[in-house]
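Colleague: Below you'll find the structure I mean.
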Amino acid sequence: MKHISVADQLIIFSRYIGQQVMIISLLNNNEVSLGILNGVKHNAIAVSTDNIIRWIPLYDNFRLCEIKLLLKPLKKLTTEIVSAANDLPVKAFITPYYQQLGYDMPVFIEPGHPCNCKYVQELELADYRTPAEIYRQNALLHAFESA
C-alpha cells in the first residue's frame with residue numbers, strides 16, 4: 001500500500017461517519033475491536049464502542065492501530081437501492097447516498113491525487129467482512145495461537 005497521509009485518511013473517513021469500523025491494536029497483540037465511526041478532527045477519529053466514545057489519534061510517522069471501515073462492495077447493491085438512488089433529485093447525491101448506506105465508493109481527494117478513483121478497500125482502509133466473520137476468524141486465530 002502506498003502511504004496515505006493522515007489528512008487524506010480523515011477525508012475518506014469523514015465520508016463514512018455512522019459506519020462500523022474495525023480497530024486492530026498494534027500495541028496489544030493485534031486485539032480487534034469494533035465500533036461506530038462518530039466523527040473526525042484534524043488528527044483523530046471518534047469511535048463509539050459499548051456506548052463509550054473515544055478519540056483515536058492518528059499520526060503520519062507511526063501507527064498505534066490499524067483502522068478499517070466495514071463496507072459493502074458495490075456488487076452487493078440491490079435493484080431497490082439503485083432505483084432509490086436514481087430517483088434522487090440531483091445525480092450528485094448518488095455517491096453520498098451509497099456511502100451513507102455503507103457501500104465502498106471510489107475515492108476523490110483532490111485533482112491529481114494518486115488515490116483518486118481507487119476504492120477504499122484498495123487503499124487498505126476498508127474490509128468487506130461482516131462483524132460476525134471478523135469475530136469468528138479472530139477467535140479461530142487466537143485458538144490456533146494458543147494451541
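The values are calculated or read from the model by the stated rules, or taken from the named source; none is laboratory data. Keep in mind it's a predicted model, so treat the numbers as computed, not measured. Here the Cβ is made from the backbone with ideal geometry for all residues, glycine too, and neighbour counts use every protein chain on show. Only protein heavy atoms, including side chains, enter the accessible area calculation; ligands, DNA and RNA are left aside. Shrake-Rupley method; radii C 1.70, N 1.55, O 1.52, S 1.80 Å.
Colleague: For the chain, with the dipole built from +1 on Lys and Arg beta-carbon atoms and -1 on Asp and Glu ones, taken about the Cα centre, which of HIS113, ILE134, SER5 lies farthest toward the positive end?
Modeller: My answer, from the dipole projection, is HIS113.
Colleague: Once both labels are modelled 7 Å past Cα along the beta-carbon direction, what's the ALA132-ASP87 spacing in nm?
Modeller: Result for the modelled spin labels: 2.9 nm.
Colleague: Assuming R0 = 25 Å, what is the FRET efficiency of ASN43 and GLU124, from their Cβ-Cβ distance, to the nearest 0.05?
Modeller: With a Förster radius of 25 Å, E is 0.80.
Colleague: Is there a pair in LYS68/LYS118; LYS41/LYS75; LYS75/LYS118; LYS72/LYS118; LYS41/LYS118 whose C-alpha atoms are over 20 Å apart, and which pairs would that be?
Modeller: Cα-Cα > 20 Å for LYS41/LYS75; LYS41/LYS118; rest within.
Colleague: Divide by every residue of the chain the summed helix terms, -39500 (n - 2.57) for each DSSP H run of at least 4, and state the resulting mean residue ellipticity at 222 nm, rounded to the nearest 500 deg cm²/dmol.
Modeller: -8000 deg cm²/dmol
Colleague: Not counting ligands, DNA or RNA, and with a 1.4 Å probe, what is PHE108's accessible surface area in Å² rounded to the nearest 10?
Modeller: Its heavy atoms expose roughly 110 Å² to the probe.
Colleague: Evaluate the charge dipole of the chain about its Cα centre and quote only its size in Debye, nearest 20, assuming +1 on the Cβ of each Lys and Arg and -1 on the Cβ of each Asp and Glu.
Modeller: Around 180 debye, computed over the chain.
Colleague: Quick check: at a probe of 1.4 Å, how many percent of the accessible area of the chain sits on carbon and sulfur atoms?
Modeller: Within the chain, the accessible surface is 56 percent carbon and sulfur.
Colleague: Would you work out the relative contact order for region 1-141, in percent, from Cα pairs under 8 angstrom that are 6 or more residues apart?
Modeller: After rounding, I find 22 percent.
Colleague: For Cα extents along the principal axes in Å, one of [x] 54, 33, 30; [y] 58, 36, 24; [z] 33, 32, 31 was computed from the structure I shared and the rest are decoys. Which label?
Modeller: Of the labelled values, this structure produces [x].
Colleague: For LEU26 paired with ALA7, estimate the spin-label separation in nm (one decimal), with each label point 7 Å from Cα along the Cα-to-Cβ line.
Modeller: Here the modelled spin labels are 2.1 nm apart.
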